Every structure is written in structure tokens, then in C-alpha cells.
Amino acid sequence: MEAATTEATRVAPAPPPKVTERAREERKLAWMLCAPAVITMLLVTGFPIAYAVYLSLQKYDLRFPDQKEFVGLSNYVDALGSSTWWGDVWNTSLITIVSVSLELALGMAIALVMHRAIFGRGPVRAAILIPYGIVTVVAAFAWRYAFDPASGFVQGLPLISDTAAPLTERGGSLIVIILTEVWKTTPFIALLLLAGLALVPDELHEAAKVDGANAMQRFFRITLPLMRPAILVALLFRTLDAFRLFDTVFIQTQGANGTETVSILSYNVLINRVNLGLGSAVSVLIFICVLLIAFFFVKVLGTSTAQQRGEV
Amino acid sequence: MTHTPRERAAWSLAIFMVLVYALVPVMWMISLSLKPADKLSTERGFFYGIFHPDFDNYDTIFSGNVFTKPLVNSIGIAAIATFIAILLASMAAYALSRLDFPGKTLILSGALAVAMFPPISIVGSLFNIWRNIGLYDTWPGLIIPYMTFTLPLAIYTLSAFFREIPWELEQAAQVDGATPFQAFRKVIVPLAAPGVFTASILVFIFAWNDFIFANTLTSTDNARTVPAALAFFTGESQFEQPIGAISAAAVVVTVPIIIMVLIFQRRIVAGLTAGAVKG
Amino acid sequence: MRVGRVVVFGAVLAATALAGCGSGGGGGGTPTLNWYVFKEPGGAYDQAVANCNKQAGGRYKIVYQALPTDANQQRELLVRRLAAKDSSVDLVGADVIWTAEFAQAGWIKPWTGANRAAAVKDRLVGPLKTVQYRGGVWAAPFTSNTQLLWYRKDLVPNPGENATWDQIIDTAIKKGKSIEVQGNQYEGLTVWINALVEGAGTPMVSQTGKVTASDKAIEDAARIVRRLATTKAAPAGLGTNKEDEARLGFESGRSVYQLNYTFIYPSAAEVTTPKDFQKRIGWARYPRTVADKPSRPPLGGINVAVGNYTKHEDVAFRAALCLSQPKNQAIASEKGGLPPTSEAVYNDAKVKKAFPFADELRRSIEEAGPRPVTPAYSDISLAIQKTFHPESEVQPSDVVSKLQDRLDKAAEGKIF
């Protein structure tokens, strides 16, 4: 198809209708091919979020079905004015920032090991895919039981008190949750960083070595800056993921001990208290937060999603 | 380049630590699942279950329906969602990587947006909508959100793979006398197969893994998948924590994925880094 | 491409058909009644179901659908299904605290006429109150439950009828052992706090969510909670302990007192060290909050309600009455350690044998302090839980205002 088109244009200013005809056909085909996927995505995400906005403007509690009424923005006023919401935003942000930082550092270390390993790359790569493949709920249970004062193994380790019960208090719970999250997603970050590492040309390293730079200097002055785009993309996706944290917290503490995250709050209000109006307002607020984070990364930090958008 | 024994030792240590990192929780769950209930608080060693295996817990979870039905649900729902998602994504990826048309960037950006979307934000709406049209607690009720949220991942992975395919081969085959369909089937399909296979694995893992939709859009084992079932496991007594049963179920649901991941590790890594998108 | 679309359409159809296969059950023949209730380990509920199916002689067939162990989780799952107008919920094994909520939301059917008379016949006052809301009767009381103060006869003296919390905390500290209570952030915590506050004089919360207990009563309760949590009397893992962790803790010997339901007694027979563990256990009434007011033990239990969207209304009521009849209550006592709700059953020989403490039990149930009866109960319970957890951080000085604040927000359907 393409060969014919190019020929047509090379020969002479080709009769316009013929080229446009082809291009039009191609376009039609392309849209038809994309249509099912696009329509699905629009319908299943766009419509419910619009519906959530609609629900959020009402007072609608399934336990009092006769009291449904339109109340404008009062659900939002309640949510934004409640210290519980802001406390949860703080918890979620704290967990997000700490996990993502740890994942970045640890992921970089693993990426370096994989990049420079002189043997055993296969087993290492296989091993780090295991946390990726494990169901999050299973990982959450595994770590919860490991720290359980009645049956866990952590209490038997040196340096740890025999009656330590981290999941009964805030600090300990946060540590266990962050540990689980970091354990589970560091491999993914490591892989992304590894791909970025592979893009750093070896000649630069050789040249720097000749110039007398040691390993640390080379790492911070050459490797990191060149990996910046890859790092930013990894950060963007991981931060968004971490902000949407739900599974681990649900399984380990259900949000008790001051570890409630925004997703757990929304779940409690929507599903437990079946207060659809208020719960939808919280959901929409979470959506807005996610948009803000994405906006921050793309516009302020300059994360380029060009590769994802197919322009690279 | 030869490496000194010290270098080898250092790398061995590094690799060993990475292996330990990855395997600790898995080994722990296996050990727990092989520990009978009465030894739970008395024998706390990490390896106890592995050296003194007792298959009580596995018996428990496979007798009766409390685990087998969710397992069937998980497999069925994930498989169907994967099939549909790959189908839709392949068509879109074909268009995106091969054809030229306005709106390409828009579609890719939109898919990116869906990938970043917080599922919790639509859980309430879906709960209400599904409730009213009768999709609540049904297979389609879960398949639909799963295939939607895996579409971006599938589209990106497949586009990346499809971009690498030399499409001229198809024309060459046609020049050689094959019909368009034959050319497609014999030339393109084998070239595209690895990409499709990889994308399927990634999508399946995503659907298998989901908890939030499985939790909120189901209430019985008509459609409840294993992650949600684990959270609601019934214990032996009114008040008992079914640690052993949960561990056994966790192992059953994890080991196949691990085996799959180990066998297909090259493909998975290629897929994850090709699209360089969230997993 | 057409092929593609057809395949997709076909797949969705197939999926829908598959889904339809799963939940079948209607159609002619014997009506199937699904009874959603927690999994009772002793086999008592299984026996009740079997008895009733035999008694029914083909008019209906009850199917036991097991719910999770945690009361919160049971409610979560039931509420979802009832809110989704699920017609397969025929019978509900309803925890006593759900009556007002489910009745107000229109999720269970009211009992009238002869059914109503049969449901309330000969029932103890406490359990009877738990099925009543706004003048109507909404379920048939089946089994009850209350907590006793269990103690190690071989290590501490009999606390007696009038022991106070302070006294047993003192004794525990002196012995260097702990007191097992349920301190996890869940319904069990509300049970404890409610018992403490009611024991100090007045019900905790009114039907509209207003705090009706005096400030002093709440402060007394908070003081006891804090004292237990911050002294040697605190068991390990207090903040995550539910009923079973408490039982295990007591059986391991780390504590000399335990506040728990009667299920711990049959379980004690299985303990191997020390020998004769069950013989070393004594029981007494739930401790007093203040020395001059009798204690108000917690009141739990399961009532059998009829789901509002059931397709088999008539037989559902009959089945509910059959399940909750005195014969099955006796079996529940014997096999499951669950106290009966009908007065006469307490005189049954089998029950007396299963419960050496039957008299104490009945007295406790008669004088129990029920939890608040209000449709917004789950919100109120959550507000109480959040205020009193973690126990070691409870401050008597500000607990009243914190509680009132949360309860106000809960009553208004706001975030708290």
C-alpha cells in the first residue's frame, strides 16, 4: 500500500482525490480498529467518574433510602473540612514518599547488580520477578504473619524484642506496610532503571576513567543525569501507584492505628457505611489528587511521557 | 576478562542477598502452610514447616467449596479478561504502529490517563450501576473493569512489539504469490506471536492480582476471586484466625504464577521494558 | 476486522452465559432457602439445619451459607447483598446489633400475627429487646451470648460477684500476669467499652447518637482502659487481639483473668499443658466499673431474620421459627457453647451439663447491658472504636469531647 502511494507522489503531482481517498480509507480502518478499545476505556472509566460526580452532589445513604436529596457541594465541604481526610492525605503521602524513595534507592542498587554482574544474571532476574508476580494480598498476609506476636518469626531474630508487636501501634504498622510495599515493587523499578542504565554509553565511562574519575563520581556525574528521563517516568508511575495504596493496608491493619489511607477512607464510607453521596465525594477528591500529582510530574519536573505516547 | 576470587565472592554475596530478598516471604508462607494449627504459637522457627511438613491445611482448603470456587473464578475471569483485552489491544496496536492517522497521540495519551486512574474512584459508581443492572457479583461484572484497566498496558506492550515487525515481509510474501490472508497468517502472525504472548502474560498477572474490584463488586463466591476470598476466609471457630488455611491458599495461588514467571522471565522483562510502563 | 468484532461480542455473550450458570436455583420443586450465618464450629448450626430439613418434609430445604468469622466482615457482606436487592438472601443469621439498621433500611421483613407471637414466646427479656425496633419485631431470637470473667482457680482467688475492674487489675499486677480482653479496633472493642460505660450507670448513646452517659461514666471507663493498657496487666498484642487471641493467650498461661464468651470453656478441654486445664478455670460475673453499681455484662447473640427480597416469604418464616426453636437452642448450647434465648431451655439437663455455669450465664444475660439500638449503629460503633484505640493512648481528660465530636459527625453522616 505504501509503495504504491509513494510512487504516485513521485511520478507527478498526483491527482489529489486518489491520495486523499487512500488516506481516508486508512484513517477509517485505523479508527475502526481502535474503536472497541477506546470506547471501552471511555465507557468504563469516563462514565463512572461522571456518575461519581453526580452522586457526590447528593445526600444518599443506602441505610436511609427515603432521605435521598440534592445537596450541592456540601459533601465536599464536609470532606475537605474534616481532619480525618487531611490526616489520611498526610498518611498516604508519608507512605508514598518513603516507599518510593526506598524503592528508588534499592531498585538502583539491584539494577546496578544486574547490569554489572559477571555471572548469575539469569537467576537474579528470575528471582526479582517473583515479588512482581506475587499477588499483593498474599505478600501482605506473608508480612503480617511474619510480624504477628503470636506466631511470627521476626520476634525470634536477634536485636528484636520477643514481644514486639509492630502492628499494634502506628510507627510499627507504618514500617510493616512500607516494608511490604517496597519489597513488592522494587523489582519493577529495578527493571525500569536497568533499561535506563543500558542506555548510558560505555565510552563515556571509559573516557571518564581515563580522566581519573572514580566510581562514585562517574555514577553521580554521568550515569544519573543520563538516566534522568527513565528515573522520572519510573517515579511518576510509582508515585501514582503508591498514592492509590489499598490492598496492603486493608489486609494488614484495615486502616487502624492511624494508618488509614485515602483509599481506605473512601472504601469505609462507600462500602461499609454505604453512604454513596459522601463516599463519591471522597472518590472524586482522590481522583483530583492523582491529577495534581501527574500534573506536577509532567509540567513541573518535566517528565517526558513521549516514549509512552509513541513519539520516540 | 578474568575475575579475582575476591570479586567472584563479592558478586556471589550480592546475588545471594538478592535471592534472599525475593524469596523470604514466599518461603515463609510455604512454611506456615505446612504447620498444623496447634503448633502455630509454639514452634515459631522460620523453617519449621518446611522441615516438618504437615498437609492438614491443604486438606482443609480443598475440601468443600470455600477455596476451590474462588480459584475457578480467578482462573476463568482472568483468562476471559485477558483474551478480550488482548483482542481489543491488538487491533488498536496494529493501527497505532502501522497506520497513519490523526488522533494517535490522543489515543495514547488517553490510554496513559486510564493507566494512572485510581480504581477506588469508580468503585462506588460501579457498585451502584452494577447493582441496578444486575451485574453485581457476576463474572462480567469483574471482567469489564479488568479488561479496561489492562488495556493501556496491553496497548503499550503490543505497540512496542508491533513497531519492531518488518511489515514489508508481508508485501514480499504477497509479491511471491500469497493471498493477503495467507501472508498475514504465515508471515505476520509468527512474528507478532511473541509480543502477543508477552502482553497476555502481563495482563493475566494484573487481572489475577486485583483485589479492590474483586472485593467491592462481589459478595459471594459466585464471582469472588482468590485475593478477595483470602480476606474473608472463614475460620474453624467463630473467632479463630485461619492462619494456616490462608497460608495454604496463598501458596496454591502463588506457586503457579512463580513457575510461569520463572519460565517466561525473558519475555516478561522484555515486555516490561519495551513499553517501559507501569506493571 | 468484522471477525474481530464478532469474536468480542461472542466472548461477552459467553461470559454472561457462564455467569448466569453459576447462580441458578429458581425454578419449580422444593424451594431452597439460603441461610447466611457465621460458620459455627461445633456443628450446632449444621445440626439445626439438618433437623429443620427433616421436619420440613420437603416443603423447603435450608442451605447453610457460611459467613466469615469477624462480625464486621459478616455485616459488610450482608449489607452489600441486601443493598443490591439480592433475592437469594432468604434467611439472615443476624447479629443482635444489626436489627435497627436492617429494619430501617428495609432489608429484612417485619414479623406479624402468629409468626410474631411464636417468635417472642417464652424468650428472655434481654434477647427479646434485640429483635425489637420501633414497636415491631424483626427476627426470632435464636442463640444468645455474654461474657464472663474467667480466672485461674489455682493462681488467684475467686473474685466474687462484686469484683471491680480496679480490683482485678491490682491482683493481676501483683501476680505479674495479664488480663485478656479484646482490644482490636473492631466490634469487640465496642462491646468492652459499652459494658464499662453501662456499668457506670447509664446507656452510652441514645437512638439518635447523642451521648447520654455522664461525662464521669465515660471518664471512668477511659481510666480503666488506660490503666489496663499501660500497666503489667496488659497482654501482649492488646491492640490487635480479638476473641481467639484472648483465648490463646489465656491458654498459654500468660494471664490469670480473661473476659470472653463461653466458647473458651469447651476449648479449654483440649489444652495439654498444664494438665487438667479446664478444671483449673473458674468463672464469675463480669466485673463492675464502679463499686456501688452492678455490672452490665455484654450481650451478643444471633437472631434469625427473613430477607426482604426473598422469593419464598411464607416458608422462610416457618424455617426461621424452626431453626430458632428450643430443641435447636439446646443443641447449640451443647455443641457450640452458645447460651439459649428461651427461658425453659436453661432447665434442660443437657444444657445444664454443657454449662456448669448455666445459672451465672442466665443471670448475666438477664442483667446485660445491650449496645445502642439505632440504625446508624455501625457508624456509632466505629466512632467508639476510633476513640478508644489504641488503648494505651486513651486520655480520660479529653476522651469525652473526642467521643462526642465523633458521634455527632457519625449521626450526621459525615466523615469522622
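The values are calculated or read from the model by the stated rules, or taken from the named source; none is laboratory data. None of the values given here were measured: they were computed from a predicted structure. Here the Cβ is made from the backbone with ideal geometry for all residues, glycine too, and neighbour counts use every protein chain on show.
Within the range C:100-109, not a single residue is within 16 Å of the chain's Cα centre (by Cα) and within 13 Å of chain B (Cβ to nearest Cβ).
Only one of the listed residues (A:218, A:238) is basic (Lys, Arg), buried (at least 20 other Cβ atoms within 10 Å of the Cβ) and not in a loop (DSSP other than H, G, I, E, B). That residue is A:238. The combined condition, being within 12 Å of chain A (Cβ to nearest Cβ) and either over 24 Å from residue C:138 (Cβ atoms) or in a helix (DSSP H, G or I) (or both), is fulfilled by residue C:383.
Only one of the numbered conditions (1) under 28 Å from residue B:25 (Cβ atoms); (2) in contact with an Asp or Glu (Cβ under 8 Å, 6 or more places away or on another chain); (3) surrounded by fewer than 24 Cβ atoms within 10 Å (Cβ to Cβ) is violated by residue B:225, and that is (3).
Residues of the range C:306-325 that are in contact (Cβ under 8 Å) with a residue 60 or more places away in the chain and either farther than 23 Å from residue C:102 by Cβ or in a loop (DSSP other than H, G, I, E, B) (or both): C:308, C:309, C:310, C:311, C:312, C:324.
Which numbered condition in (1) surrounded by 22 or more Cβ atoms within 10 Å (Cβ to Cβ); (2) assigned to a helix (DSSP H, G or I) is the only one that residue A:257 fails? Condition not satisfied by residue A:257: (2). What is the residue count in the range B:209-226 for residues that are assigned to a loop (DSSP other than H, G, I, E, B), under 15 Å from residue B:69 (Cα atoms) and more than 8 Å from chain C (Cβ to nearest Cβ)? Residues in the range B:209-226 being assigned to a loop (DSSP other than H, G, I, E, B), under 15 Å from residue B:69 (Cα atoms) and more than 8 Å from chain C (Cβ to nearest Cβ): 4 in total.
Evaluation of residue A:195 against the conditions (1) within 30 Å of residue C:392 (Cβ to Cβ); (2) hydrophobic (A, V, I, L, M, F, W, C); (3) touching a Ser or Thr at 6+ places or on another chain (Cβ under 6 Å); (4) not in a loop (DSSP other than H, G, I, E, B) shows that the sole unmet condition is (1). Examine the range B:41-57 for a residue that is at the interface with another protein chain (Cβ under 9 Å from one of its Cβ atoms), surrounded by 20 or more Cβ atoms within 10 Å (Cβ to Cβ) and modelled with pLDDT of 80 or more, and state whether such a residue exists. No; the residues of the range B:41-57 include none that is at the interface with another protein chain (Cβ under 9 Å from one of its Cβ atoms), surrounded by 20 or more Cβ atoms within 10 Å (Cβ to Cβ) and modelled with pLDDT of 80 or more. Checking each residue in the range B:105-134 for being away from chain A (no Cβ under 11 Å) and in contact (Cβ under 8 Å) with a residue 24 or more places away in the chain picks out no residue at all. Tell me, please, whether a residue that is of a type in the set (Gly, Ala, Ser) and closer than 19 Å to residue A:264 by Cα can be found in the range A:142-149. No, that holds for no residue. Residues in the range C:86-103 include none that are touching a helix residue (DSSP H, G or I) at 6+ places or on another chain (Cβ under 9 Å), surrounded by fewer than 21 Cβ atoms within 10 Å (Cβ to Cβ) and of a type in the set (Val, Ile, Thr). Only residues that are surrounded by fewer than 24 Cβ atoms within 10 Å (Cβ to Cβ) and part of a strand (DSSP E or B) were counted across the range C:216-255, and they come to 0. Looking at (1) assigned to a loop (DSSP other than H, G, I, E, B); (2) within 19 Å of residue C:411 (Cβ to Cβ), which is the one condition that is false for residue C:201? Answer for residue C:201: the failing condition is (2).
Listed here are the residues, each with its yes/no results for (1) surrounded by fewer than 23 Cβ atoms within 10 Å (Cβ to Cβ); (2) over 30 Å from residue A:223 (Cα atoms); (3) more than 9 Å from every other protein chain (Cβ to nearest Cβ).
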residue	(1), (2), (3)
A:119	yes, no, no
A:134	no, yes, no
A:138	no, yes, no
A:150	yes, yes, no
A:171	yes, yes, yes
A:175	yes, yes, yes
A:191	no, no, no
A:201	yes, no, yes
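Checked against the criteria, residue C:278 does not count as closer than 30 Å to residue C:75 by Cα and not charged (D, E, K, R).
Within the option set A:249, A:274, A:262, being of a type in the set (Val, Ile, Thr), in contact (Cβ under 8 Å) with a residue 40 or more places away in the chain, in contact with a helix residue (DSSP H, G or I) (Cβ under 6 Å, 6 or more places away or on another chain) and within 22 Å of residue A:183 (Cβ to Cβ) holds for one residue only, A:249.
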